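Structure record follows, encoded as C-alpha cells.
The values are calculated or read from the model by the stated rules, or taken from the named source; none is laboratory data. Treat the numbers as computed from the prediction; the structure is a model and nothing was measured. Counting neighbours? That spans all protein chains shown, and the Cβs are built from the backbone with ideal geometry, glycine included. With ligands, DNA and RNA removed, areas are computed over all heavy atoms of the protein, side chains included. Shrake-Rupley method; radii C 1.70, N 1.55, O 1.52, S 1.80 Å.
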Amino acid sequence: MDYAARQKRAQQLVQEIDLPRPLNSELLHHHMEQLRKKKILILQAPQGLVDRGICALWLEVSGEEFERIHYAPTDSAVHRQQFVNHEFGHMILNHKKMIMPADRVALLAPLVPMNAIVSALSRSSFTDEEEAMAEAIGDELAMILRKDASISRREAETGFGQIL
C-alpha cells in the first residue's frame, strides 16, 4: 500500500472508533480501554528492551485481566505519546500478538515472570506493512490530539464553552 492510501485508511479506521472530542491523552487511553473491554496499563519499558532496539511493546500476561503497553524512556511527552499511539494503532487494527522469543521475554524480568507471557507485539522496526499501518494510525491520533489541544487552549483563553 502506498503512503497516501495508508493515510486515507488510517483516517477511516480512526473515524470508525468514534473518539470523544476534544481529545486528550487521558480520554484516548480511556476510550481504548472501552474498545478493548479491559484496562490498559501504560508503563516505561525496562532498559534491557530499549538496548535491544524495542521502543514499544504491547503484551498480555497470564492471570492478568489487563493489557500492558511498555514504552522506551524519554523526556518528551510527545515522543512517549507517539509510542503509545503506535501500540493503540495495532489494537485498532486488531493485529494478532505473537508468542515472544525467550530472549525478549527475559528482558522483561523481573517485571513479568517469563512463564507468564501469553502474547506480545513488539515494535522494533517499520519495515513491514503492519508496522507502517500502525504508525499511520498513531500519526492520525497524534494529529487529532494536537488539533484538539489547540482548540482547548483557545476555549480556555476566550472562555468559549464555559457557563457564564
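Tell me, yes or no, whether the stretch 46-58 has at least one residue that is open to solvent by less than 20 Å² (accessible area, probe 1.4 Å) and among the acidic types (Asp, Glu). Give the derivation first.
Here is the first cut: in the stretch 46-58, the residues open to solvent by less than 20 Å² (accessible area, probe 1.4 Å) are 49, 54, 56-58.
From what's left, among the acidic types (Asp, Glu): none.
Scanning the stretch 46-58 turns up no residue that is open to solvent by less than 20 Å² (accessible area, probe 1.4 Å) and among the acidic types (Asp, Glu).
Within the stretch 112-138, how many residues turn out to be out of contact with any helix residue (DSSP H, G or I) (no Cβ under 7 Å at 6 or more places or on another chain) and either modelled with pLDDT of 60 or more or assigned to a helix (DSSP H, G or I) (or both)?
Number satisfying all stated conditions: 7.
I'm trying to understand the selection: among the residues of the stretch 32-45, which are open to solvent by less than 50 Å² (accessible area, probe 1.4 Å), more than 14 Å from GLU64 (Cβ to Cβ) and touching a His at 6+ places or on another chain (Cβ under 9 Å)?
ALA45, the sole residue that qualifies.
Quick one: count up the residues across the stretch 16-55 that are modelled with pLDDT of 90 or more and among the small types (Gly, Ala, Ser). Explain how you work it out, then say what you get.
Taking the stretch 16-55 as the starting set, the residues that turn out to be modelled with pLDDT of 90 or more are 16-44.
Checking the rest, the ones that are also among the small types (Gly, Ala, Ser) come to 25.
Of the residues in the stretch 16-55, 1 are modelled with pLDDT of 90 or more and among the small types (Gly, Ala, Ser).
Enumerate the pairs (first residue in the stretch 140-162 and part of a helix (DSSP H, G or I); second residue anywhere and modelled with pLDDT of 95 or more and of a type in the set (D, E, K, R)) with beta-carbon separation below 9 Å, excluding pairs fewer than 6 apart on the same chain, so at least 6 apart or on different chains.
Cβ pairs passing all conditions: ILE144/ARG21; ASP148/ARG21; ILE151/ARG21.
Pull up the stretch 15-31, narrow it to residues that are open to solvent by less than 30 Å² (accessible area, probe 1.4 Å) and within 13 Å of the chain's Cα centre (by Cα), then point me to the one that is farthest from HIS86 (Cα to Cα).
Residues of the stretch 15-31 that are open to solvent by less than 30 Å² (accessible area, probe 1.4 Å), as a first pass: 17, 19, 23, 28, 31.
From what is left, the residues that are within 13 Å of the chain's Cα centre (by Cα) are 28, 31.
Values: LEU28: 13, HIS31: 15 Å.
Step by step, filter the stretch 15-31, then rank; the result is HIS31.
Name the residue, out of ILE54, ILE69, that is among the β-branched types (Val, Ile, Thr), under 16 Å from ALA134 (Cα atoms) and touching a Ser or Thr at 6+ places or on another chain (Cβ under 9 Å). So that I can check it myself, show each step before the final result.
Numbers: ILE69 fails: touching a Ser or Thr at 6+ places or on another chain (Cβ under 9 Å).
Answer to the selection: ILE54.
With the condition being among the aliphatic types (A, V, I, L, M) and in contact with a helix residue (DSSP H, G or I) (Cβ under 6 Å, 6 or more places away or on another chain), I'd like the strands (runs of 3 or more DSSP E) fully within the stretch 1-101 carrying at least 3 qualifying residues. Outline the logic, then answer.
Working: elements: 39-44, 56-61, 66-71.
Where strands (runs of 3 or more DSSP E) fall fully within the stretch 1-101, none carries at least 3 residues being among the aliphatic types (A, V, I, L, M) and in contact with a helix residue (DSSP H, G or I) (Cβ under 6 Å, 6 or more places away or on another chain).
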